[in-house]
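Below is one structure, written out as structure tokens; the observations come after it.
The values are calculated or read from the model by the stated rules, or taken from the named source; none is laboratory data. The structure displayed is predicted, hence computed values, not measured ones. All Cβ positions, glycine included, derive from the backbone under ideal geometry; neighbour counts span all protein chains shown.
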Amino acid sequence: MSSRSLRVTVALVRDTFREAFSRKIFWGFFGCSTALILFFIFILRIDVVQGAVATVSLFGNTSPARDVQRIVRQAHGAIAAFLFTAGMFLAVFASAGLIPSVFEPGRIELLLSKPVERYHILIGRYIGNLLVIAINVFYLVFTVWLIFGLKTGVWTYGFLWSSALTLFVFAVLLTVVVLIGVLWESAVIATMVTFGLMLVSPILAQKPLLERLLTSETSRNIVRTLYYVLPKVFDLGRMCRALVIGEPIGDWMPLWSSALFGVVVFGTGLYAFSKRNY
Amino acid sequence: MSFAIETEGLIKIFRNRWSGKEVRAVDGISLRVEQGSTFGLLGPNGAGKTTFVKMLLSCAHPTAGRASIFGRDARHAEARRPIGYLPENHRFPTYMTGRSMLDFYGALSGMDTAARQKRIPELLATVGLADWGNVRLGKYSKGMLQRVGLAQALMHAPTLLILDEPTDGVDPIGRIQIRELLQGLEQQGVTIFLNSHLLSEVELFCHDVAIIHRGRVALEGKVKELTAGSGYRVEAEQVPDRLQDELRAKARAVAQRNGNVEFVFGSREEANQAVDRLRSEHCAIETVARSTSTLEEVFVKVIHEQ
């Protein structure tokens, strides 16, 4: 990448951050993450005696426990589950407006009048949006991981990997926001479609059951096609859980097929953007 | 000669996705704008001016024809490097300050940090917003937004300025300042392409104009030549009715104006004879001048003829 190209990318990313700050998106997430971190610092007390948890105290209520590894993994699992579900919904909801806002009349013409390729504008904005969420996810996960590590002496890396996977799912869903933003310039439609994909995922994840229940071969084919084509948010959530609790991952198909979905959708978004008249 | 802007048979047809109905917004415009000139693009609403400009900037893709900027195909990003553009209904992000906005668009134009930091205060001072650089654009008035928009267009010292209604919302003093600024740029050899419905402004500033109507060039030429009249105007005071009748027979047109009488003659000889007759009757001569048309008169005539 040339220095000029890098300068343009940095400018686009900075602009996305400015907008995220202005819309309180960044600080909203940062505030939530900090609140959760403070919760773990001040509310949760874990007394470790000779490598095992003697007591766990939450809001002053003390309960005896034995397995320090289990306690840490449970806490990590709870945070990872929160990030993957509520966090993901919030991230999509909050950042859905950051992409379509670029296409506002009066703003897009000025961007396109600059000596920058159209794909560069969209990629810069996408990276910026992704970084806004990534910084918050890593801030929360890394700090919580550090707190638990320091309090218990247990350092499991699966939790860190699960945050990378969570961000990957967000990156895939963000490509849908990009495509919808280019086609309809609407944050509302972008949010609805992305939420739709997230909600349909647990249903499609029951593919074997659905195949048994459906009588028509056409219906079964539709379910199969949808399952393989659409991003496997639910399956990736399971993968996330496996990473946290330290189980091996048997099937990587949900990861690469979702990545393929993201690449195709993002490519379609770039193509549509290059062809549009403003 | 190389041209700042050159288009050949540029056509833009918009098709409705559902009904399939077509609108020919631009219908074969071939235009040449010389380097260093000040060019005004005129036309009634919906004539195709904005679509034409958008095709120059590659915001809209031509259906047919070609456009080039300083000899480069306008579709290529590099062709836009020498362009500074101020859109008509711009919507600058309100979360930006004047300074951060100039910094952002300067970076997109390829300027490095040092160059931007040097240029921003200079430009803010030039457009009279030196004290407003750190204020959010959401607090700016319309005139101030127009000024900072102009500064944005000038950020990377472009050699071609495309301005869409640059004085829209600007007060009369601000308009004069902008005009003086543009005149200074013209002297530096910057090509200025003005898209405006303010005919008097175009007449004051531009040397060349094109009038677009229904997507086509209806008239093109030098402002001086287009507004030059073919007659002579003689205005006098206290003209007796008898003499008025005598001169009316020779004049092309006669008009009463604040107690004065204005005659328009077809030739210099006729005008001189009329002046002799008026002086012989001791009438005070108010004006003797070559009659001209305003750009507005030319514009209205062209549009009505089409």
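Taken together, the criteria exclude A:VAL188 from residues that are assigned to a helix (DSSP H, G or I), touching a Lys or Arg at 6+ places or on another chain (Cβ under 8 Å) and not charged (D, E, K, R). All told, B:HIS213 falls short of being assigned by TED's automatic domain parsing to the domain that holds B:GLU34 and surrounded by fewer than 16 Cβ atoms within 10 Å (Cβ to Cβ).
Being free of Cβ contacts under 8 Å to residues at least 40 places away in the same chain, within 14 Å of chain B (Cβ to nearest Cβ), closer than 27 Å to A:GLU185 by Cα and not hydrophobic (A, V, I, L, M, F, W, C) is a property that A:PRO115 has.
Let's see how each residue does on (1) closer than 19 Å to A:ASN277 by Cα; (2) more than 23 Å from the chain's Cα centre (by Cα); (3) without any contact (Cβ under 8 Å) to a residue 12 or more places away in the chain:
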site: B:ALA60; (1), (2), (3): yes, no, no
site: B:ALA74; (1), (2), (3): yes, no, no
site: B:PRO82; (1), (2), (3): no, no, no
site: B:TYR85; (1), (2), (3): yes, no, no
site: B:GLY98; (1), (2), (3): no, yes, no
site: B:MET101; (1), (2), (3): no, yes, no
site: B:ALA107; (1), (2), (3): no, yes, yes
site: B:MET111; (1), (2), (3): no, yes, no
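One residue stands out among those in segment B:130-179 that are in contact (Cβ under 8 Å) with a residue 12 or more places away in the chain and of a type in the set (Lys, Arg): the one that is nearest to B:LEU204 (Cα to Cα), which is B:ARG179. Scanning segment B:169-201 for residues that are surrounded by fewer than 19 Cβ atoms within 10 Å (Cβ to Cβ) and in a loop (DSSP other than H, G, I, E, B) yields B:GLY169, B:ASP171, B:GLN188, B:GLY189, B:HIS197, B:LEU198. Taken over segment A:88-112, residues that are of a type in the set (Gly, Ala, Ser) and more than 14 Å from chain B (Cβ to nearest Cβ) amount to 4.
Give the residues of segment B:238-277 that are of a type in the set (D, E, K, R) and farther than 25 Å from B:THR294 by Cα, sorted by residue number. Spell out how you get there, then give the answer.
We begin by selecting, within segment B:238-277, every residue of a type in the set (D, E, K, R); these are B:241-242, B:245-246, B:248, B:250, B:252, B:257, B:262, B:268-270, B:276-277.
Scanning segment B:238-277 gives B:ASP241, B:ARG242, B:ASP245, B:GLU246, B:ASP276, B:ARG277.
Against the list (1) away from chain B (no Cβ under 14 Å); (2) part of a helix (DSSP H, G or I), the condition A:VAL154 fails is (2). The residues on offer are A:GLY31, A:GLY77, and the sole one that is surrounded by fewer than 15 Cβ atoms within 10 Å (Cβ to Cβ) and either at pLDDT 85 or above or in a strand (DSSP E or B) (or both) is A:GLY31.
When only residues in segment B:45-78 that are of a type outside the set (Val, Ile, Thr) and in contact with a Pro (Cβ under 8 Å, 6 or more places away or on another chain) count, which is nearest to B:ILE192 (Cα to Cα)? Break it down stepwise before answering.
Taking segment B:45-78 and keeping what is of a type outside the set (Val, Ile, Thr), we get B:45-49, B:52, B:54-62, B:64-68, B:70-78.
Subset that is in contact with a Pro (Cβ under 8 Å, 6 or more places away or on another chain): B:55, B:70, B:77-78.
Numbers: B:MET55: 17, B:PHE70: 13, B:ALA77: 20, B:GLU78: 19 Å.
If we take residues in segment B:45-78 being of a type outside the set (Val, Ile, Thr) and in contact with a Pro (Cβ under 8 Å, 6 or more places away or on another chain), then B:PHE70 is nearest to B:ILE192 (Cα to Cα).
Out of curiosity, is B:VAL23 more than 9 Å from chain A (Cβ to nearest Cβ), without any contact (Cβ under 8 Å) to a residue 24 or more places away in the chain and not in a loop (DSSP other than H, G, I, E, B)? Quick ask: steps written out before the conclusion?
On the way: more than 9 Å from chain A (Cβ to nearest Cβ): yes; without any contact (Cβ under 8 Å) to a residue 24 or more places away in the chain: yes; not in a loop (DSSP other than H, G, I, E, B): yes.
The answer is yes for B:VAL23.
Residue count for segment A:207-265, restricted to those that are charged (D, E, K, R) and exposed (fewer than 14 other Cβ atoms within 10 Å of the Cβ): 4. When segment B:80-125 is filtered for residues that are over 15 Å from A:ARG7 (Cα atoms), of a type in the set (Lys, Arg) and more than 7 Å from every other protein chain (Cβ to nearest Cβ), the ones remaining, listed by number, are B:ARG99, B:LYS118, B:ARG119. Does segment B:126-140 contain at least one residue that is more than 9 Å from chain A (Cβ to nearest Cβ), of a type in the set (S, T, N, Q) and either under 28 Å from B:THR7 (Cα atoms) or in a helix (DSSP H, G or I) (or both)? Yes, some residue in segment B:126-140 is more than 9 Å from chain A (Cβ to nearest Cβ), of a type in the set (S, T, N, Q) and either under 28 Å from B:THR7 (Cα atoms) or in a helix (DSSP H, G or I) (or both).
Just so you know, in segment B:30-79 the residues that are part of a helix (DSSP H, G or I) and basic (Lys, Arg) include one that is nearest to the other protein chains (Cβ to nearest Cβ), and it is B:LYS54.
Taking each residue of segment B:211-232 that is over 30 Å from B:GLU286 (Cβ atoms) and looking for partners that are surrounded by fewer than 13 Cβ atoms within 10 Å (Cβ to Cβ) with beta-carbon atoms closer than 6 Å, six or more apart or interchain, yields B:HIS213/B:GLN306; B:ALA218/B:GLN306.
For residues in segment B:255-264 being more than 32 Å from the chain's Cα centre (by Cα) and either of a type in the set (Gly, Ala, Ser) or farther than 15 Å from B:ARG279 by Cβ (or both), which is surrounded by the most Cβ atoms within 10 Å (Cβ to Cβ)? Give the steps one after another, and end with the answer.
Kept after step one, since they are more than 32 Å from the chain's Cα centre (by Cα), are these residues of segment B:255-264: B:256, B:258-261.
If we keep only those that are either of a type in the set (Gly, Ala, Ser) or farther than 15 Å from B:ARG279 by Cβ (or both) as well, we get B:256, B:258-260.
Details: B:GLN256: 10, B:ASN258: 8, B:GLY259: 8, B:ASN260: 17.
So, considering only residues that are more than 32 Å from the chain's Cα centre (by Cα) and either of a type in the set (Gly, Ala, Ser) or farther than 15 Å from B:ARG279 by Cβ (or both), the one surrounded by the most Cβ atoms within 10 Å (Cβ to Cβ) is B:ASN260.
State whether the residues of segment B:12-20 include one that is under 18 Å from B:ALA218 (Cα atoms) and part of a strand (DSSP E or B). So far as segment B:12-20 goes, yes, one or more of its residues are under 18 Å from B:ALA218 (Cα atoms) and part of a strand (DSSP E or B). Checked against (1) out of contact with any Gly (no Cβ under 9 Å at 6 or more places or on another chain); (2) more than 14 Å from chain B (Cβ to nearest Cβ); (3) of a type outside the set (Asp, Glu), A:PHE159 meets all criteria but (1).
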